[in-house]
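Report on one structure; see the data block that follows.
We did not get these values from a lab; they are worked out from the coordinates using the rules stated. Given the structure is predicted, the values throughout are model-derived calculations rather than measurements. Glycine also receives a Cβ, built like all others from the backbone with ideal geometry; neighbour counts cover every protein chain displayed.
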Amino acid sequence: MRSSEFLITTHRETPADAEIISHQLMLRSGLIRKLSAGLYTWMPVGLRVLRKVEQVVREEMEAAGALELAMPMVQPAELWQESGRWEKYGPELLRIQDRHQRDFCLGPTHEEVITEIVRGEINSYKQLPLSLYQIQNKVRDEIRPRFGIMRAREFLMKDAYSFHVSRKSLETTYQRMHEAYSKIFARLGLEFRPVLADTGSIGGSTSHEFHVLADSGEDAIAFSDGSDYAANVELAEATADLSTRPAPSETMSTIATPGVKTIGDLCAALSIAEEKTAKTLFVEAAGGGLIALVIRGDHELNAIKAEKHSLIASPLRMAAEEEVTALTGAAFGSLGPVNLQVPVIVDYSAALCADFVCGANVDNQHLQGVNWDRDVTSYETADLRSVVAGDPSPDGQGRLQIRRGIEVGHIFQLGSQYSEAMNATVLDEHGKSVALEMGCYGIGVSRIVAAAIEQNHDDRGICWPSTMAPFQLAIVPLNMHKSEAVATAAESLYKSCIELGIEVLLDDRTERPGVKFSDIELLGIPHRIVIGDRSLATGSLEYQGRRDAESQSLAQSAALEFLKERLG
RNA sequence: CGGGGCGUAGCGCAGUCUGGUAGCGCACCACACUGGGGGUGUGGUGGUCGUCGGUUCAAAUCCGGCCGCCCCGACCA
């Protein structure tokens, strides 16, 4: 490709509303252009990158035995009503009507459509297992589109679905997909982690998310430094051995704590560590009324864990201050678990404390030297908090570290919930009709592009992993329009590269050298050859890798061999 | 949806408080010089100031409605 015949739309200034580095660089390098909130055009260079990612995904899906198909983006409401998700999915499902006022939606995912296809086409266990996938634009009317392509309202996704007669077969394919995903992200040169995940709105049992590690990630993931354990912090188990609780050494006493409202205030006033305190939160109980949750002062309540508890209402609702005061007689800031008239659930870590400090349920008073069983006799324990760095790994090996991640893939064992709701069955080997076991597997193809930039950039721009680069090589002739020698050498090398099948960009624009260098670096092209009169005089060219600090001189005659080897 | 902020040329911004014929930088076009890291000069192109209404002799500027965009929270590939 010649840049004079291509469209390079780089910008010198960073748009004001781009927050994270990948968004800034994607806009500056002209990969994408915003049309509206969360809606982006992929410009020619950007599309080349997107296609590269797509290609790797496609190859690994095929290798994992999945077959590509293409389903419609517009889907009839009836299918969604059948699965129950027309109501359940909520406003993120972008609904439209046709000219006859029939309801449709723009597909945010395709479980309904694929199940409809399979129930019509597959009748026998002999046709199973079957894995089908597509790479297609998805539409989700996100509450808050953000970070450019990272959380867009329309985005490119690879979605795969597998069908089985047995749980065991599902597990085999799930494992195969898990491996395929790991291969994909490794081939794309990304630092990633598979983590145990919550199944969320899609449903099902077992689930893993694949996260690209990056400080700008929207998710926190916990992983062990002593084993392979990794989980979304929402899900990571906080364990504690209650038999190791120290015996009480103090008697319980009341202390005046005027003006103390927070754990921070309390610790400052008494000069104690936050681990020596307990905070008491009131939430709605499952059958109505309130229930008290006790967490160690330095920990945070995990809403997902809490609402899974049978005594706690789901979704979680924090009690209003009036409700709490009516119950305890005290305002926020002086609450505690002693002598409560409602059930008490204590987080494991808080239950491990002895001689701790908590609110007295009297304004401006706290209790110290409080001990479980002696001072609070009726309570139960549960895992209610989010893990923090340094917690023991739930598998007993090592300690947890917490890093931020960008979710680029998510795989689920769905089981039979969709096939049952939509009556997708086959005959098994005994001639018996059985509901299909189903798995689903998603990859955010467009999000990967942004995630890769988060991990691969420097102060000059993007540094693409070679598998994702829009071009492998840039040939930059200097003053080509004035120097016959430069023009000849550039054209000749360009032609040879094309013959070798190298994806090469010849920057034949009549721009000044600085402009060309900046653009090529901003665009992140992995390899660069500079051709100028100065080096040609000695029969040489200059090579520089995108991540190299310095360029190196190449004999003109050896350039092709060098490139062949360097570019693989 | 709740809280905060912003809408002036393709991009980044000033001008709004204190009303008086719309400006700067980048980009773009032409010419000249220049030619190994976003060069210089001269001359240009491009804006119903988000939108609708109101106040006024006069509105980018004051007042009101609406729309859009961004940031913080609940969602997810």
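Place the peptides A:267-274, A:436-443, A:28-35 in order of packing, highest mean first, counting for every residue the other Cβ atoms within 10 Å and averaging per peptide.
The most tightly packed comes first, giving A:436-443, A:28-35, A:267-274.
If you consider only alpha-carbon coordinates, what radius of gyration and Dmax does region A:422-523 have, in Å?
Rg then Dmax for region A:422-523, in Å: 24.9, 81.
Let me know the Rg and Dmax you get for region A:231-390 when you use only its Cα atoms, in Å.
Final numbers for Rg and Dmax: 14.8, 42 Å.
Farthest toward the dipole's positive end in region A:214-327, which of A:Ala273, A:Gly288, A:Pro248, given Cβ charges of +1 (Lys, Arg) and -1 (Asp, Glu) about the Cα centre?
A:Pro248
Quick check on region A:1-112: what are the equivalent-ellipsoid semi-axes from the Cα gyration tensor, as sqrt(5λ), descending, whole Å?
34, 22, 14
Taking a quarter of the surface of the convex hull around the Cα atoms of region A:6-55, what do you get in nm²?
One quarter of the hull surface, i.e. the mean projection, equals 3.8 nm².
How high is the relative contact order of region A:476-566, in percent, with contacts defined as C-alpha pairs under 8 Å that are six or more residues apart?
Here the relative contact order equals 27 percent.
Please state the charge dipole magnitude for chain A, taken about the Cα centre, from unit charges on C-beta atoms (+1 on K and R, -1 on D and E), reported in debye and rounded to the nearest 20.
With only Lys, Arg, Asp and Glu charged at Cβ, the dipole is about 1420 debye.
Defining a contact as two alpha carbons under 8 Å apart and six or more residues distant in sequence, what relative contact order in percent does chain A show?
17
Listing A:Val338, A:Val283, A:Val408 from the residue with the fewest other Cβ atoms within 10 Å to the one with the most, what is the order?
A:Val338, A:Val283, A:Val408
Indicate, rounded to the nearest 5 percent, the antiparallel portion of the DSSP beta bridges found entirely in chain A.
Working: 87 of 108 bridges.
Bridges in chain A that DSSP calls antiparallel: roughly 80 percent.
Treat every Asp and Glu Cβ in region A:212-303 as -1 and every Lys and Arg Cβ as +1, leave all other atoms uncharged, and give the resulting dipole magnitude about the Cα centre to the nearest 20 debye.
620
How would you order A:411-420, A:558-567 from highest to lowest mean count of nearby Cβ atoms within 10 Å? Write out the running numbers ahead of the final one.
Details: A:411-420: 21.3, A:558-567: 14.9.
Packing order, densest peptide first, comes out as A:411-420, A:558-567.
In nm², what is the average projected area of the convex hull enclosing the Cα atoms of region A:251-332?
6.3
Using the Kirkwood radius built from alpha carbon pairs, what does the Stokes-Einstein equation give as D for region A:82-124 at 25 °C and 0.890 mPa s, in µm² per second?
Value of D from the Cα-based Kirkwood radius: 205 µm²/s.
Run the numbers on region A:187-296 and let me know its relative contact order in percent, using alpha-carbon pairs under 8 Å that are six or more apart.
Relative CO of region A:187-296 lands at 15 percent.
I'd like to know which of A:Leu436, A:Pro470, A:Ala485 lies farthest towards the positive end of the charge dipole of region A:426-488, counting +1 on Cβ of Lys and Arg and -1 on Cβ of Asp and Glu.
Checking the options against the dipole of region A:426-488, the answer is A:Ala485.
Going by how many other Cβ atoms sit within 10 Å of their own, how do A:Ile143, A:Ile525, A:Ile345 line up, fewest first?
Fewest-to-most ranking of A:Ile143, A:Ile525, A:Ile345: A:Ile143, A:Ile345, A:Ile525.
Could you bin all the Cα-Cα distances of region A:478-568 into 5 Å bins starting at 0 and give me the percent of pairs in each, rounded to whole numbers?
Going out from 0 Å in 5 Å bins, region A:478-568 shows 3, 13, 25, 28, 22, 8, 0 percent.
With a Förster radius of 22 Å, plug the Cβ-Cβ distance of A:Val362 and A:Ser310 into 1/(1 + (r/R0)^6) and report the FRET value to the nearest 0.05.
Here the calculated transfer efficiency is 0.10.
Over all distinct Cα pairs, what is the inverse of the mean 1/r for region A:358-484, reported as the Kirkwood hydrodynamic radius in Å?
This gives a value of 23.2 Å.
With the Cα gyration tensor of region A:63-192 in hand, give its eigenvalues times 5 under a square root as the equivalent ellipsoid semi-axes, listed largest first in whole angstrom.
The three semi-axes for region A:63-192 are 27, 23, 12 Å.
Which of A:Ala555, A:Ala350, A:Ala37 sits closest to the plus end of the dipole of chain A, meaning its Cα is farthest towards the positive end, when Lys and Arg get +1 and Asp and Glu get -1 on the C-beta?
Among A:Ala555, A:Ala350, A:Ala37, the one farthest towards the positive end of the dipole of chain A is A:Ala555.
Quick check for me: using +1 on Lys/Arg Cβ and -1 on Asp/Glu Cβ, what's the dipole size of region A:282-364 about its Cα centre, in debye to the nearest 20?
Details: 4 positive and 10 negative charges, 56 e Å.
So the dipole magnitude of region A:282-364 works out to roughly 260 debye.
Quick one: order A:Thr328, A:Thr251 by neighbouring beta-carbon count within 10 Å, fewest to most.
On the way: A:Thr328 23, A:Thr251 12.
So the residues, fewest neighbours to most, are A:Thr251, A:Thr328.
Between region A:541-566 and region A:482-505, what is the separation of their alpha carbon centroids in Å?
Computed from Cα coordinates, the inter-centre distance equals 14 Å.
Expressed as a whole percent, how much of the Cα-Cα distance distribution for chain A exceeds 40 Å?
44
What's the center-to-center distance, using Cα atoms, between region A:71-139 and region A:307-374 in Å?
46
Checking the cross-link filter: which lysines have an alpha carbon closer than 28 Å to that of A:Lys305, excluding same-chain neighbours under 8 positions apart?
Hits, sequence-local ones excluded: A:Lys88, A:Lys261, A:Lys276, A:Lys279.
Where does helix A:44-63 land angle-wise versus the long Cα axis of chain A, in degrees 0 to 90, nearest 10?
70
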